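The structure appears below as structure tokens.
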Amino acid sequence: MHLTRRILPLSLLFCLASAVALQGQSLRALEKAADKAIAAKDYYTAMVHLQEALTRAPEKPALLYRYAEVARRFHAYPQAAKHYRKVLDSREADAFPDALFHLAEVEKIQGNYEAAENHFRQFLAEKKGSPSLLERARREAEACRWAAELRPDTAWVVENLGRRINSPYSDFAALERGDTLYYTSYRFDFKEDSYRPRRRLAKILSSRRGSRGRTLPRKFNEAQRHTAFTAFSHNGKRIYFAICSYTQGVNIRCELYYREKDRRRRWSRQPVKLPESINLPGFTATQPAIGFDSTLQKEVLFFASDRPGGKGKLDLWFVTVDGKSFGTPQNLEALNTPEDDLAPFFHTPSQTLYFSSEGHPGLGSFDVFRAARRASGWGEVVNLGLPFNSSYADLHFTLDDSGQKGYLSSNRPGSMFLDREYQACCFDIWRVRKKPPPQPSPES
């Protein structure tokens, strides 16, 4: 994800790989092990157990449906679609009224818009879902029609940064400052972890002038917690970031911190935790972004949180910053939806907020959107379209001051798979750049 209260089903940031001894286990034991993994939101392990269970009962619709569900949550979309179809082809299809909706959902994410629209409309016609799911199906069918007719902005190029930056694990949240690219990677072993299978840790890296990424020096990263995301104050003397801890299984809760530069222009060794008004106990505060709001004439900290007072899941919030004092967090009600809205980035030169959402009409999974800051509030929410967005998940969009170059994180085709069998996981960092204007032809 990107680090939020849920890892795999929300931000797609992480992928667990584990060797699970399955031989000799009974069907009931395999299902119980899958239940335990699902409760911990460890969908990879659940898939492994259910896949083995299906070798014992390959035609059992309930087992096929459970496998499709965990495959969808693990973002193994081809596997999910295959098993939803098996459920719908079975004699017990009526026992799984949401299977058709979820088949359409994963077809849309894979960019198969015609099939997805047909299945959404079939789901609407059958009227077997809940009112909220039927309303979502209506919106999704319309979004499929829009996505199928969308054409890319050919003035822009999107290119993978390659192996100097990316790894088979998730790499995300790239932000360029001067000649240095800062980003987060989930490639690190959690060596002291007592949980099994052993989990991984995220750390912040930097790459100067395209060099191979290295972790930040002076023990900037936590040894037994995630350290993720970066945002810099306007004068560059403060860096904001998140420190996140595992709470149960692969669930994660984050809090926001900052460090300041000392007299030798090095980041202070001791991080400062933001006040409880921002880091509300028991809830996540993550993905910081800093900008100067010309309407308020103040520096503003944007972040994502599941705190009370929002519209749904993760919401966008902002708070004014005055030195070491922070205002009262306010919900960006005009931009948030009942689904997840996260990964803010404020482009100060254009006074534009970029963010990712699953609630606004999009191409598939998370899309990047923008909204201009107005004196009266916020302008219309606009989907960035192609090639910035894809049918897969697109997050953590950033842009340089010129507006000509930026970065995003995506698990779109061309990103590295951690698990090629399931074609799932993970995020890579991609550069977006505007093509130079064509050179005038020489005069004859």
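Fewest to most neighbouring Cβ within 10 Å: what's the order for Glu59, Glu107, Glu52?
Glu59, Glu52, Glu107
Spin-label point model (7 Å from Cα, Cβ direction): what's the Ala62 to Arg433 distance in nm?
Here the modelled spin labels are 5.6 nm apart.
Using Cα centres only, tell me the gap between the range 321-368 and the range 203-257 in whole Å.
20 Å
Using only the alpha-carbon atoms of the range 108-149, report the extent along each of the three principal axes, biggest first, to the nearest angstrom.
Per principal axis, max minus min of the Cα coordinates gives 28, 14, 14 Å.
Ignoring solvent entirely, what values of log10 I(q)/I(0) come out of the Debye formula for the range 36-193 at 0.08, 0.09, 0.12, 0.16 Å⁻¹ when each Cα is a single scatterer?
Values returned for q = 0.08, 0.09, 0.12, 0.16 Å⁻¹ are -0.35, -0.44, -0.73, -1.03.
Return the sequence-ordered ³J(HN,Hα) values of the range 286-294 in whole Hz as given by the Karplus equation 6.51 cos²θ - 1.76 cosθ + 1.60 applied to θ = phi - 60°, using x for Gly and Pro.
8, 6, x, 8, 10, x, 9, 8, 6
How would Asp171, Asp94, Asp193 line up from fewest to most surrounding beta-carbon atoms within 10 angstrom?
Ordered by Cβ neighbours within 10 Å, fewest first: Asp94, Asp193, Asp171.
Could you calculate the contour length gain from Gln270 to Asp400, that is, 0.36 nm times the residue separation minus the distance between their Cα atoms, to one decimal place in nm?
Residue separation times 0.36 nm, minus the Cα-Cα distance, leaves 43.9 nm.
Can you sort Asp98, Asp341 by how many other beta carbons sit within 10 Å, fewest first?
The fewest-first ordering by Cβ neighbours comes to Asp98, Asp341.
Give, in nm to one decimal, the length gained when the segment between Thr328 and Arg214 is fully stretched (0.36 nm per residue of separation minus the Cα-Cα distance).
Stretched fully, the Thr328-Arg214 segment lengthens by 37.5 nm.
Of the listed peptides 200-210, 369-379, what is their order by residue-averaged count of other C-beta atoms within 10 Å, with the highest listed first?
200-210, 369-379
Which FRET efficiency, nearest 0.05, do Phe283 and Thr337 yield, Cβ-Cβ r, R0 22 Å?
Calculated transfer efficiency: 0.75.
Of Ser207, Gly323, Tyr195, which is farthest on the positive side of the dipole of the range 156-434, counting Cα position, with +1 on Lys and Arg Cβ, -1 on Asp and Glu Cβ, and the Cα centre as origin?
The Cα lying farthest towards the positive end belongs to Ser207.
Roughly how many debye, to the nearest 20, is the charge dipole of the chain about its Cα centre, given +1 on each Lys and Arg Cβ, -1 on each Asp and Glu Cβ, and no other charges?
Result for the chain is approximately 1900 debye, rounded to the nearest 20.
In square nanometres and to one decimal, what's the mean projected area of the convex hull around the Cα atoms of the range 159-291?
9.2 nm²
Which of Ala40, Tyr67, Phe101 sits farthest toward the positive end of the charge dipole of the chain, with +1 on the Cβ of Lys and Arg and -1 on the Cβ of Asp and Glu?
Positive-most Cα among the choices belongs to Ala40.
Students often forget the sequence filter, so: which lysines lie under 24 Å Cα-Cα from Lys219 once same-chain residues fewer than 8 apart are removed?
Cα-Cα hits under 24 Å: Lys191, Lys203, Lys237, Lys261, Lys273, Lys324.
Averaging the inverse of every distinct alpha carbon separation and then flipping it gives the Kirkwood radius. What is it for the chain, in angstrom units?
22.7 Å
Between Lys298 and Ser26, what is the spin-label point distance in nm, taking each point 7 Å from the Cα along the Cα→C-beta axis?
6.3 nm
Short version: ³J(HN,Hα) in whole Hz for each residue of the range 56-71, in order, from phi by Karplus 6.51 cos²θ - 1.76 cosθ + 1.60 (θ = phi - 60°), x for Gly and Pro, what are they?
8, 9, x, 10, 6, x, 5, 6, 4, 5, 4, 5, 4, 5, 6, 5
May I ask you to compute the full-extension gain from Ala155 to Arg198, defined as 0.36 nm times their residue separation minus their alpha-carbon distance, rounded to one decimal in nm?
This chain segment gains 11.0 nm when fully extended.
Read-outs throughout are calculated quantities, based only on the coordinates presented, and are distinct from any laboratory measurement. Remember, it's a predicted structure, so these values are computed and weren't measured experimentally. Note that we place each Cβ from the backbone using ideal geometry, even for glycine, and neighbour counts take in every protein chain shown.
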